[in-house]
Amino acid sequence: MGSESRESFLPLDPVSFTNESKAVVDFIADYYENIEKYPVQSTVEPGYLSARLPESAPYCPESLEDILKDVNDCIVPGLTHWQSPNFFAYFQANASTAGFLGEMLCSGFNVVGFNWISSPAATELESIVVDWMGKLLKLPSSFLFAGTGGGVLHGSTCEAAVCVLAAARDKALKELGGWEHITKLAVYASDQTHFTFQKAAKLVGIPPSNFRLIKTTFSTGFAMSPETVRSAVEDDIKSGLVPLFLCATIGTTPTGAVDPIAELGKVAMEFKAWLHIDAAYAGSACICPELRHHLDGVELSNSISMNPHKWFLTNMDCCCLWIKEPHLLTDSLSSDPEYLKNNASKTKSVVDYKDWQIALSRRFRALKLWIVIRRHGLANLMYHIRSDIAMAKHFEALVRKDGRFEIVMPRKFSLVCFRLKPTAAAEAEDDGRELNSKLVEAINSSGRAFMSHAVAGGVYVIRCAIGSTLTQQHHVDALWKLVQEKAQSLLTNHSIK
Ligand SMILES: *Cc1c(COP(=O)(O)O)cnc(C)c1O
């Protein structure tokens, strides 16, 4: 029986491909239909899944029906529902029909376009679509293939950070005369910069003691001060270090702060440091003319990255990285093993994206971003950004109207940072930290919404990040009601104690 069933076994049988794919699409459609019924943040305990699944893999094939039943019964309860309209935590990961279709095509073709010849369409569409995206953001032509630069799609900002740091490192070490100088290289970022830049600097061999975290304060809205950067750089130069890299952020993760890139660019140029702009979240917003000014000064940077997989209706994963001198990236990352040699690469007239990233293999992500842009058009993409910002303004106004709360820093993009004001003596002692963390806990454990927190300038803030694809204003109103209800019961309990 075993051998018989193996002979008729076809992993890519056209009939079951069609039927089973449709069943999964129906399953996902049903999931979206019911998504509001689930607690937004999963309520399972650590290790919950091993208690539900067999200890070892099956020997005989199982039916899709059985598998989907387990997905429903065992996996869905362990999901935190990022696509729920009541998801307000971290930064959203926008899904869309167009993004999903792009993923399907990417997965369906399953080509591996590491160099041009391994799938010319994958490479050429990627170069075209990063130029499209760059033009939507009005990046100078020095970042575009149509000009003198170029771009690539990575899976994450973290990966982009490692690659640009490696490029900057190798350029500097060449100028300094060799690898032994690596201990002199210093990297600058603010205390609001995403932690991934510290990780990336460590990965490319920068001594952690040479990573400078520039302190930010309330007074500058947690933006990095060019003067503080300058004095840190000057101090380091005095002690023999070489300023390598400065990372500026448009839309920091804790509070959405925007670093002044034009002024930081001048400092970076003066000291010949590489300036990278991390616009992972807020970059998407800069397609709107009224928000484009956040990118003023981008022409002074060496590279810039942003994540369409956050706020640009592009399902995970997709990070755009543009670089002014792509040869610095490929000088650092290229490899030329015999088994990949081919005529197209030899002529150097083509892009071989394996030399723009860490891995060899790569996904055809360009299809997804291309379909997202085409299916929505700039008009609807701007509408998406603007309506999220309008909902955030609405939420901010609701918070301002309730005297028990305060907006800790003015709304940035679609992120509102607020808290319950500490009043009682016990609350004043820890500046309301315990009170507000209890409030977040109460909201999240209700299952009706999910928010996260940050600490900036020593202050614990509740972050309301609006922008899940399915979120509408009535969800925001319901969120505010929930916040008030939980705050009321917390404050009542406090006063009884
Ligand atoms: C989310 C985020 C990152 C990390 O992005 P990944 O693509 O998950 O690596 C980096 N920087 C900022 C400002 C972010 O918001």
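Brief remarks on what is shown
- Computed over the chain: relative contact order in percent, which uses C-alpha pairs under 8 Å that are six or more apart: 21
- As computed over segment 374-496, the Cα convex hull volume per residue (Å³): 105
- Rounded if a/c under 1.5, otherwise prolate or oblate - segment 168-304, Cα gyration tensor axes: prolate
- Inter-part distance, segment 300-318 to segment 55-106, computed on C-alpha centroids, equals 23 Å.
- Local electrostatic count, Lys368, Cβ distance below 12 Å [Lys/Arg +1, Asp/Glu -1]: +1
- The Cα center of segment 443-497 and the Cα center of segment 111-147 differ in position by 41 Å.
- Counting only residues at least eight positions apart within a chain, or on another chain, the aspartates and glutamates with an alpha carbon under 12 Å from that of Lys481 are Asp402.
- Taking only the Cα atoms of segment 112-363, the ratio Rg/Rh comes out at 0.96, with Rh defined as the Kirkwood radius.
- For segment 244-299 versus segment 385-431, the spacing of their alpha-carbon centroids is 25 Å.
- Shape summary: segment 1-124 maps onto an equivalent ellipsoid whose semi-axes, from the alpha-carbon gyration tensor, are 29, 26, 15 Å in decreasing order.
- Relative contact order, whole percent, for segment 374-496 stands at 23, derived from Cα pairs under 8 Å and 6 or more residues apart.
- The ellipsoid equivalent to the alpha-carbon distribution of segment 109-221 has semi-axes of 31, 20, 14 angstrom, derived from the gyration tensor eigenvalues as √(5λ) and listed largest first.
- Each residue of segment 413-421 was assigned a 3J(HN,Hα) from its phi angle through the Karplus expression (A = 6.51, B = -1.76, C = 1.60, θ = phi - 60°), giving 6, 10, 10, 10, 10, 9, 6, 6, 5 Hz with x at Gly and Pro.
- Restriction of the trypsin sites (Lys or Arg not before Pro) in segment 101-209 to DSSP coil positions whose beta-carbon has at most 13 other beta-carbons within 10 angstrom yields Lys138.
- Across q = 0.12 Å⁻¹, the chain modelled as identical point scatterers on its alpha-carbon atoms has Debye log10 I(q)/I(0) values of -1.19, in the order of the q list.
- The chain, dipole about Cα centre (Lys/Arg Cβ +1, Asp/Glu Cβ -1), debye to the nearest 20: 1240
- Normalised size of segment 264-309, defined as Cα radius of gyration per 2.2 N^0.38 Å with N residues, equals 1.21.
- Zone residues, segment 205-244, relative to Glu270, backbone N less than 18 Å from point 7 Å out along Cα-to-Cβ: 214-215, 224-244
- Cross-link partners for Lys22 among the aspartates and glutamates, with Cα-Cα distance under 13 Å and sequence neighbours closer than 8 places in the same chain left out: Asp30, Glu65.
- Positive-end residue, segment 112-363 charge dipole about Cα centroid, Cβ charges, pick of Ser119, Gly155, Val350: Ser119
- Of the cross-linked pairs Lys171/Lys348; Lys199/Lys346; Lys199/Lys310; Lys171/Lys266; Lys138/Lys393; Lys324/Lys393, those separated by over 29 Å at the C-alpha level are Lys199/Lys346; Lys324/Lys393.
No value in this document is a laboratory result; all are computed from the given coordinates. In this text, all values refer to a predicted model and were calculated from it rather than measured experimentally. Note that each Cβ is placed from the backbone with ideal geometry, even for glycine, and that neighbours are counted across all protein chains shown.
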